[in-house]
Every structure is written in C-alpha cells, then in structure tokens.
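As structure tokens, the structure follows; a few thoughts come after it.
The values are calculated or read from the model by the stated rules, or taken from the named source; none is laboratory data. All values derive from a computational prediction rather than experimental measurement. Here the Cβ is made from the backbone with ideal geometry for all residues, glycine too, and neighbour counts use every protein chain on show.
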Amino acid sequence: MVSRETCGRISEQLGLTEFLIVGKGLAVNSAVPVSVLSDLFESIVAAIYLDGGIEPARRFVSRWMEPEIEQVSSGAQGANHKSLLQQLSQRDFSVTPTYEVMEESGPDHSKSFHVSAFIGEQRYTPAWGRNKKEAEQRAASNALVELRAAGVGIADAGRRG
C-alpha cells in the first residue's frame, strides 16, 4: 500500500509540486517523475517528525493514507479504477465520468499526459501518466480517493461544484 505511486499521488493532492525546486534536467520536462513525488511526500513526513515528534507525523500520515488504506481493505486497490468510478457514477446519478487532458509534456516519442476526471461539473485532482490510458486510470483513482477522503458519498459527488 505504501508505494511510490501512492506517495506520489498524495504529493499531487497536497499540491507539493508547487513548492518543488528542481535542477535543469527535470526542469525541461514539466512532468515530475513519480519517484520524485514519492520522495517529496516522505520528506514532508520526516520534516514533521523532526519538528514535532511522532504524534504529529502519525496524524499527518493517518490523514493522508487512510483513504488508501480503506481502498485496499475494500478490495478496490489493483482494480480498474476507471471501471469502478464509472459503475459508481452511473449507478448513483446516471452520469458517465469524463476525462480531460489538462497538459501534455515531453517529446513526441516520450510524451506524458496530465489528465483530470470529471463527474458532472466536478473536477478531481489530475494525474500524470506515460500515456493517456495510464493517466486516466490514475485520475480515476484520485477521484475515488478524494470522494472517500471528503466523506462524501458517491451519490453526492456529482452535485458538488
């Protein structure tokens, strides 16, 4: 459960990339590698621990990892996130999720895609992928995690604006 992808996804949800300063090699490509995003999350946890001790670090990790834990325990982890999001969305409010490419990066032979999932008018945290399919899967996963983290039932998700 604590994987490079999970920690990277949480870094994106926290908006940590806004504060990331990278060297020339990474600055050329606006798609920050998942390994860097993962390291960024781990660094934040370490900084909280060093500054405040184990309890603040534990609260931070629990707050941001709990949705991932719930997803694993519900059996959704490893599932087709797009399919799961579509089933829930159609079942609860007869809307099919849509996906929008927010940004493309890199040369033609090695593009990365930044994609957001939408349920109705509600846009969820975008995700990067090495191709559109991967980015859409990650965006669907972000949407599912956000819905659970916000404590909003899937039936209410499409009505948020």
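Quick one: how many residues across the range 98-119 are closer than 14 Å to Glu146 by Cβ and modelled with pLDDT under 95? Final tally of qualifying residues: 1. Output yes when any residue across the range 41-58 is assigned to a loop (DSSP other than H, G, I, E, B) and not assigned by TED's automatic domain parsing to the domain that holds His114, and no when none is. Looking for residues that are assigned to a loop (DSSP other than H, G, I, E, B) and not assigned by TED's automatic domain parsing to the domain that holds His114, one finds at least one in the range 41-58, hence yes.
Evaluation of Thr125 against the conditions (1) closer than 22 Å to Ser11 by Cβ; (2) surrounded by 22 or more Cβ atoms within 10 Å (Cβ to Cβ) shows that the sole unmet condition is (2).
Would you check which residues across the range 128-144 are out of contact with any Leu (no Cβ under 7 Å at 6 or more places or on another chain) and within 13 Å of His81 (Cα to Cα) and list them? Listed by number, the residues that qualify are Lys133, Glu134, Ala135, Glu136, Gln137, Arg138, Ala139, Ser141, Asn142.
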